[in-house]
1. Tell me, yes or no, whether the range B:144-166 has at least one residue that is within 14 Å of chain A (Cβ to nearest Cβ), in contact (Cβ under 8 Å) with a residue 40 or more places away in the chain and among the charged types (D, E, K, R).
2. Can you confirm whether the range A:31-52 contains a residue that is among the polar types (S, T, N, Q) and under 19 Å from A:His68 (Cα atoms)?
3. Got a sec? Which helices (runs of 4 or more DSSP H) wholly within the range A:115-204 have at least 3 residues that are crowded, with 21+ Cβ neighbours inside 10 Å and modelled with pLDDT of 95 or more?
4. Identify, please: which residue in the range A:60-89 is aliphatic (A, V, I, L, M) and under 18 Å from A:Met193 (Cβ atoms) and is, among those, farthest from the other protein chains (Cβ to nearest Cβ)?
5. For the condition under 17 Å from the mean Cα position of the chain (by Cα) and in a strand (DSSP E or B), what is the one hit in A:Leu29, A:Leu22, A:Leu54, A:Leu94?
6. Out of B:Ile84, B:Ile70, report the one residue that is over 26 Å from B:Ser205 (Cβ atoms) and assigned to a helix (DSSP H, G or I).
7. Report the residue count in the range B:98-129 for those that are within 14 Å of another protein chain (Cβ to nearest Cβ), crowded, with 22+ Cβ neighbours inside 10 Å and among the small types (Gly, Ala, Ser).
Amino acid sequence: MSDEQILLAEHIGLRVGDKIILDDCSLSLKKGELKVLIGPSGAGKSTFLQCLNLLQTPDTGSITLEGHPLDMKKPRALCDYRTKVGMIFQDFKLFDHLTAIDNVSIALKKVKGLSEKNARQRAETELDRVNLTDQATLYPAQLSGGQKQRVAFARALAMDPLILLLDEPTSALDPELVGEVLQVIRDLSSRGMTMVMATHQMDFIRQIASEIIFMEHGRILEQGNPETLLGDGIQSRTKQFYTSLASV
Amino acid sequence: MIIDVAFLEADLLPALNRGLQVSLALIIPASVIGFFCGILLGCARTFGSPLVKRAGDAFTALVRGVPLAIQLLFIYYALPKIGIYFDPFFAALLSFIICTSAYQSEYVRGALLSIRKGQILAAKALGFTNVQTILWIIIPQAARRALPGCGNEIIYLIKYSSLAYLVTCMELMGEGKVVASDTFRFMEVFFTVGLYYLAMVSVASILLHWLEKKAHIPGFSAR
């Protein structure tokens, strides 16, 4: 793992009316790191991820990608930024009117300006990587949850993002389908993809996370590598949460 | 009633066929242009700035609120008083385009609003601009949702095109009415004119049904 910092988000804050959703959340990412956001529902994990992708504009704070500060007021800059920071959603959000392969190729054509042929080839490669070559011409309604999520990975990865944000990628899946999606994430991690993931898959986190970030009430309470937060004999809010999940 | 073949062949059908051509010349451009104007108007009323939205809503409220016959008579008989002249055909065509685009915009608006937020979020996350999102994600989905309603409006248009005779545009209804007044054969004339409209509507229904089938996507309309 190199020390090259890719993303730096500082003092991200967001309020809706009087309610504080995010309070001074910061995050820095080095190349190849996998940071995991955990915490109870309503802690602000999804919102934080959406702010990192500027799907929601934070009220305060700054974001720097590869040393370039992002101008959040420029629509053009936001679109460019989002092509570099991929997003995987809990409920997949595949385009309902497009086949699997068109879901992957449409942004290559319309956003990146690839030719029909090149976009198709690239899409085939990405679908092949997630073992969905045979399902390429099926529509989202004809795919299982796990297959849909794998198409979503292919769609995000086809854009060659520097970073991938994953918002509870396995939470909407039937238990027997979780494994195939976790395998995709494991492969990505071993290939050096930089990722931030919100998840409740605690065992998976322990094995693979570079760092755990525990959030509650819109604030980052604790952060550190799995050993320092979850190791034997350690008393931490993270561990308490971990144990409560494990006891279910 | 004995069918008078000679009357049909010599008087009625030639007149009605002439009228049918005029009717089609009204209906086809009015439905095509009206459909596209309806899409633009529907998009403006859904995605436009507050001012554009309000202007679009006001236009639609006015057009939907006033009987088409009055709009048609106003365009043909009242506008010349302020120096704007149309011949009967174009007065009818213009009023049909205005009317149908207002109704189409309502179907389009409903379909646009039905597109789930997640689809837009996913497009944004991939770096789509707002215009690209509307063009490549929202419109293709909305078009499928709007199709049954928009088709219904085209069926209406076929029938209300018969109002063109009010401004002396000699389409199907106008030609029929002249033959009827000249010959007093109201029964044969209006029965046959009715059949002509029924035939046009049937053809349109079959075409629309075919289009809906062709645009069908598994699992899409079920939602």
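The values are calculated or read from the model by the stated rules, or taken from the named source; none is laboratory data. These figures come from a predicted structure and were not determined experimentally. We place every Cβ from the backbone using ideal geometry, glycine too, and count neighbours over all the protein chains shown.
1. Checked the range B:144-166: at least one residue is within 14 Å of chain A (Cβ to nearest Cβ), in contact (Cβ under 8 Å) with a residue 40 or more places away in the chain and among the charged types (D, E, K, R).
2. There is no residue in the range A:31-52 that is among the polar types (S, T, N, Q) and under 19 Å from A:His68 (Cα atoms).
3. The qualifying helices (runs of 4 or more DSSP H) are A:116-129, A:145-157.
4. To start, the set of residues in the range A:60-89 that are aliphatic (A, V, I, L, M) comprises A:63, A:65, A:70, A:72, A:77-78, A:85, A:87-88.
The next check asks that each one be under 18 Å from A:Met193 (Cβ atoms); those that pass are A:65, A:85, A:87-88.
Values: A:Leu65: 13, A:Val85: 8, A:Met87: 4, A:Ile88: 9 Å.
Selected residue: A:Leu65.
5. Of A:Leu29, A:Leu22, A:Leu54, A:Leu94, the one residue that is under 17 Å from the mean Cα position of the chain (by Cα) and in a strand (DSSP E or B) is A:Leu29.
6. Values: B:Ile84 fails: assigned to a helix (DSSP H, G or I).
That would be B:Ile70, the only listed residue that is over 26 Å from B:Ser205 (Cβ atoms) and assigned to a helix (DSSP H, G or I).
7. Going through the range B:98-129 one residue at a time, the tally reaches 5.
Results for (1) touching an Asp or Glu at 6+ places or on another chain (Cβ under 8 Å); (2) crowded, with 23+ Cβ neighbours inside 10 Å; (3) acidic (Asp, Glu); (4) part of a helix (DSSP H, G or I), shown as yes or no for each residue.
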site: B:Pro148; (1), (2), (3), (4): yes, no, no, yes
site: B:Gly151; (1), (2), (3), (4): yes, no, no, yes
site: B:Ile155; (1), (2), (3), (4): no, no, no, yes
site: B:Tyr160; (1), (2), (3), (4): no, no, no, yes
site: B:Leu163; (1), (2), (3), (4): no, no, no, yes
site: B:Cys169; (1), (2), (3), (4): no, yes, no, no
site: B:Glu175; (1), (2), (3), (4): no, yes, yes, yes
site: B:Ala180; (1), (2), (3), (4): no, no, no, yes
site: B:Phe190; (1), (2), (3), (4): no, no, no, yes
